[in-house]
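Heads up, the thing below is written out as structure tokens.
Read-outs: derived from the displayed coordinates by stated rules, not from any lab. What you see is a predicted model, and the numbers here were worked out from it, not measured in a lab. Cβ coordinates were reconstructed from backbone atoms using ideal geometry, including for glycine residues, and neighbour counts include every protein chain displayed.
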């Protein structure tokens, strides 16, 4: 159970892995995750039981995040050893994240190796959209869970096996709350925010925008039809995170996408040389 939001996470399905019965098995890709149970950060039973003290709740949350950070650190070592740029794409549902990702893949797949881990509560629809571009993708269904975690991603890597020197996009479950707290081993969190959502999202969900290094302000082709203050949105984002970079893009029209691609190329090159 996630102590941030109370979601249950006992129904996770990772393509290529049999999780029936919660059986113990080993990772085999350089992770030190041997002989663990598939609890995916699930807290003790009754974590939200009436009468539980605040201090006990805080301890449970610290234990969950501490365990996740161990898995994330193992993922990060695995990425670094192979020069893989891993990006954690986070957003609200409906931000246009998958559309932006498929356009990015179509435009860049001829020049760089790409792969995708897709996170959704149910269905493999988005992974199938990605695979239709010719790029390999693997689906994680989190069931009642509202975010991916380092353990899930570690298992996904066993099957996906992204190429050395490639870019791995991890499309997280649509949610601006819990994914902020769970490190997956990524180099950067990239927040996708659409202009249809309201310019105050960065101050409504400050943890996510504080954790992100880059914001892609998407659907700017719709600005003539909306009352959305772009500069106010950027000011809010920088109020939360003074170092955050904001790029204005439209995955539909292509406006601003070259700036995103430029950032991707530069960041991949730095990753490949170990910077």
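Scanning the stretch 212-229 for residues that are touching a strand residue (DSSP E or B) at 6+ places or on another chain (Cβ under 7 Å) and free of Cβ contacts under 8 Å to residues at least 60 places away in the same chain turns up 213, 214, 215, 217, 220.
Scanning the stretch 160-193 for residues that are surrounded by 20 or more Cβ atoms within 10 Å (Cβ to Cβ), touching a helix residue (DSSP H, G or I) at 6+ places or on another chain (Cβ under 8 Å) and in a strand (DSSP E or B) yields 167, 168, 169, 170, 171, 189, 191, 192, 193.
Residue count for the stretch 248-265, restricted to those that are under 20 Å from the mean Cα position of the chain (by Cα) and surrounded by fewer than 17 Cβ atoms within 10 Å (Cβ to Cβ): 2. Could you list, in sequence order, all residues of the stretch 64-94 that are over 14 Å from the mean Cα position of the chain (by Cα) and closer than 15 Å to residue 174 by Cα? Selection gives 94 alone. Just one residue in the set 207, 229 is in contact with a helix residue (DSSP H, G or I) (Cβ under 7 Å, 6 or more places away or on another chain) and surrounded by fewer than 16 Cβ atoms within 10 Å (Cβ to Cβ); that residue is 207. When each of 265, 238 is tested for being part of a helix (DSSP H, G or I) and within 15 Å of residue 87 (Cβ to Cβ), the lone residue that passes is 265. The residues of the stretch 266-275 that are surrounded by 19 or more Cβ atoms within 10 Å (Cβ to Cβ) and farther than 20 Å from residue 100 by Cα amount to a single one, 271. Among the residues of the stretch 232-247, those that are in contact with a helix residue (DSSP H, G or I) (Cβ under 8 Å, 6 or more places away or on another chain) and surrounded by 14 or more Cβ atoms within 10 Å (Cβ to Cβ) comprise 233, 236, 237, 240, 241, 244, 245, 246, 247.
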